[in-house]
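The values are calculated or read from the model by the stated rules, or taken from the named source; none is laboratory data. The structure presented is a predicted model; accordingly, all values stated were derived computationally and were not measured. Cβ placement follows ideal geometry from the backbone for every residue including glycine, while neighbour counts extend to all protein chains displayed.
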Amino acid sequence: MLIMEAIYSAISSIRTNAVRSFLTSLAIIIGTAAVIAVIGLGSSANKALEEDIDDLGGRTLSVQPSQRRSGAVTMGINPLVIKDAEALTRNTEHDWKISPTMSGYRQVKFGNSNMRARVGGYLPIHFEVRGYDLEHGRLFNEDDNLGRRKVIVIGSKVPKELKTSVKNILNKNVTLGGVTYEVVGILEEEGSTGWQNPDEEFYIPILTAAQRVFGTERLDGINVGISNESNVDYVMMTIEQILRQKHNIGPGKDNDFRINDYSQFSELRNQATGIFTALIAGIAGISLVVGGIGVMNIMLVSVTERTREIGLRKALGATQKAIMLQFIVEAMLLCLIGGLVGIFIGTSFLFLLATLFDWPFAMPFSAIIGSITFSLLVGLFFGIWPAKRAARLDPATSLRHE
């Protein structure tokens, strides 16, 4: 019953001084909104990254050529070739997808427009391994590859770069290195990966690339697509064994290739995002403490203003406990209201940013509960001193206060 009276009294006091109560809660509102927005952005970014990784259909390892060494002497680069990829493909122990790649820059012409673009030779499975989706036309197939056919699939931005439209370029011929190729398909937009932009690339069958464009079987690398359930260390060991045997590398000699697990970079990015989110949320949390100090100062002012009221309540039999409870509840209620308003503002801001960046909206429920709890604790901690000061006022002195 005493608590309910304290709540009613706190609500009445807040309503009576609405503007001052709002200004008192402003730092709590800003702090809570910042904490909610930052934690939500971190969660949304991580979820978007996880979805991108899932779109790849599993984990992707990359095999790259490396330097040959004999002791401390470098013997040059021993390239990966198409036969290395074929040796990996013949292995039936693992359910993996082998996608060798070779690429180079060539001048491409269509009508009166031309561009210097990255041309890549791939197997048809490359699109599945990389998670690329078709938007128009078709992808080249194994018959196109074995037949060394002059067919080409282009990235989504290529028509714009060649100053034409999808309709005008699809199933038409472009000139690549003085030879015409038919554009059979156009990919969906994928976005830049940092070191290259798949939306501006030209994709041709790898045997066509080897014999008609680059005149070599040397590969840039071999992508190996595996499921998320696969034992990555065991898969990497198998790749190493097959390629060492293929390259005639004896015991005790260094590999002339390297195997990279690029999914590890995604894990590191998740960790970095988590640390950054915690850091920014901690900084934002400081504003909640600053807001608590503001609440304490205003509550001290309130005690001074309500000295006669406190004296009258004590004269009518109110205990120190009742007076303390009244002011503590009022401080906590101010912080709770600020916290709830801050949660609403922070969530709304997060929704707008998630929509803008096309990220999934992800707000951890624990962040909301944590913000409310922290706001109440701030109100409790910074409300104790004003409440004690009010409770210790002498009734006789308080009644004479002007």
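Couple of notes before you dig in:
- Exactly one residue out of T208, T238, T216 is out of contact with any Gly (no Cβ under 8 Å at 6 or more places or on another chain) and under 30 Å from K109 (Cα atoms): that is T216.
- Any hit, region 105-115, residues being within 26 Å of V232 (Cβ to Cβ) and free of Cβ contacts under 8 Å to residues at least 24 places away in the same chain: no
- For Y234: the one exception among (1) touching a His at 6+ places or on another chain (Cβ under 9 Å); (2) surrounded by fewer than 17 Cβ atoms within 10 Å (Cβ to Cβ); (3) within 19 Å of E128 (Cα to Cα): (3)
- Region 221-253, subset polar (S, T, N, Q) and either in contact with a strand residue (DSSP E or B) (Cβ under 8 Å, 6 or more places away or on another chain) or not assigned by TED's automatic domain parsing to the domain that holds T101 (or both), residue modelled with the highest pLDDT: N223
- Top-ranked residue of region 173-193 - restricted to ones that are part of a strand (DSSP E or B) and within 17 Å of E135 (Cα to Cα), ranked as nearest to the chain's Cα centre (by Cα): L187
- Unique match (being part of a helix (DSSP H, G or I), of a type in the set (F, W, Y) and either within 24 Å of the chain's Cα centre (by Cα) or assigned by TED's automatic domain parsing to the domain that holds S21 (or both)) among F349, F361: F349
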